[in-house]
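The values are calculated or read from the model by the stated rules, or taken from the named source; none is laboratory data. Note that the structure is predicted; figures quoted are calculated from it, not measured. A quick note on method: Cβ atoms are made from the backbone with ideal geometry, for glycine too, and the neighbour counts reach across all protein chains shown. Accessible surface areas use protein heavy atoms only, side chains included; no ligands, DNA or RNA. Shrake-Rupley method; radii C 1.70, N 1.55, O 1.52, S 1.80 Å.
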Amino acid sequence: MKPDSPSVEPPDEQTRAAALALHQALRPEPRLRLGEAEALALAPLAARWLARGFGAAELAQALLPGLPERIHSPRAVVRTRLRDKLPPACAPERPQASKRHECANCGDPVPRSGLCGPCQGRPKPAVKVGGGQASTPTGAALARAGLRPTGDRVVSVG
């Protein structure tokens, strides 16, 4: 004899994770209890939240506040809120360019674009390194080379 119910494929990991996050989000609210089949049916909507970096806590913040006193269909309420309150997808943040500047004349590091003090005619300050020795042109060239992005490494020491 064959069973009456058709064979159902087990859910994939993403669907299972979304259903679990949904159960975790709804746990504090007894009026929104869902069965396993209901949670699996709503899992694709919850997966969209998870794909955008939101977790069970954010789902709870979207699903639980402001519920009506009487809920006739928890599944319909959750489905509507998952669909209607989904935040827009954010573009990935680009790393900002570093704010390093070099003197336009000699290439020494400066706090903002333009010329360094000596290139403007001011005396060069004495820089103390390590054991109190003044910096050398070789050491300064190596330091500048270390500050450049990796593709621009050019060291001419001489």
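See the values below:
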{"item": "Condition met for Gly146 (more than 37 Å from the chain's Cα centre (by Cα), at pLDDT 60 or above, closer than 19 Å to Arg100 by Cβ and not in a loop (DSSP other than H, G, I, E, B))", "result": "no"}
{"item": "Enumeration of residues in the stretch 58-77 that are surrounded by fewer than 13 Cβ atoms within 10 Å (Cβ to Cβ) and more than 19 Å from Ala89 (Cβ to Cβ)", "result": "Pro65, Gly66, Pro68, Glu69, Arg70, His72, Ser73, Ala76"}
{"item": "Some residue of the stretch 28-38 being surrounded by 13 or more Cβ atoms within 10 Å (Cβ to Cβ) and at pLDDT below 90", "result": "no"}
{"item": "Tally of residues being of a type outside the set (A, V, I, L, M), part of a helix (DSSP H, G or I) and within 17 Å of the chain's Cα centre (by Cα) across the stretch 37-66", "result": "3"}
{"item": "Single match in Gly139, Gly121 (criterion: out of contact with any Leu (no Cβ under 9 Å at 6 or more places or on another chain), open to solvent by less than 90 Å² (accessible area, probe 1.4 Å), at pLDDT below 85 and not β-branched (Val, Ile, Thr))", "result": "Gly139"}
{"item": "Among the candidates Arg79, Arg112, residue that is at pLDDT 80 or above and assigned to a loop (DSSP other than H, G, I, E, B)", "result": "Arg112"}
